[in-house]
1. Tabulate in residue order the Karplus-calculated ³J(HN,Hα) for the range 93-110, using 6.51 cos²θ - 1.76 cosθ + 1.60 with θ = phi - 60°, rounded to whole Hz; enter x for Gly and Pro.
2. Which of the listed residues, Val29, Pro68, Gln47, is farthest toward the dipole's positive end in the range 17-83, when Lys, Arg count +1 and Asp, Glu count -1 at the beta-carbon?
Amino acid sequence: MLLRTGLPSVANPLYVLIADDDPEIRELVRTALQLDGHPVLEAPDGQVAWKLIVANRPALVVTDVQMPGIDGLELTALIKANRYDETKVIVFTGGMATEWQAQRAGADAYVTKSAPLLELRAAISRLCPGRARGGTKGKVQQ
């Protein structure tokens, strides 16, 4: 496990979890979120993401759809089935699922990877208003 640190962290920060098997996408999204002041956790697949969700109860999960093990729609449904109502989910996909499929799984928002990054950042701000405070402590499972 790698630990990424940046600004000083605070007790019980409200994390944003990025679940994507593409390390370049995780880096792009992590950088944008950290610039916006969000502490970030990262997972390369759905199984690691689920473990981080149970352990850290992030405020928001940004998940890809097509990942090994638990895919993003299954992860979304798992979050909602376990009544983690405080955890919002954005399905962030390259087109492997429709908006209807994401909504059916319980996603709070749907953003395509082809959309400008500004669209993802706006969805995050809408779902987590006032939550971008604290450090940039994040974990990368490999």
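1. Working through the residues one at a time gives 10, x, x, 7, 8, 8, 4, 4, 4, 5, 5, 4, 6, x, 4, 8, 7, 9 Hz.
2. Gln47
Values quoted throughout were computed directly from the atomic coordinates according to the rules given, and no laboratory measurement underlies them. Please read these numbers as outputs of a predicted model, since none were measured by experiment. All Cβ positions, even for glycine, are placed from backbone atoms using ideal geometry, and neighbour counts span all protein chains on display.
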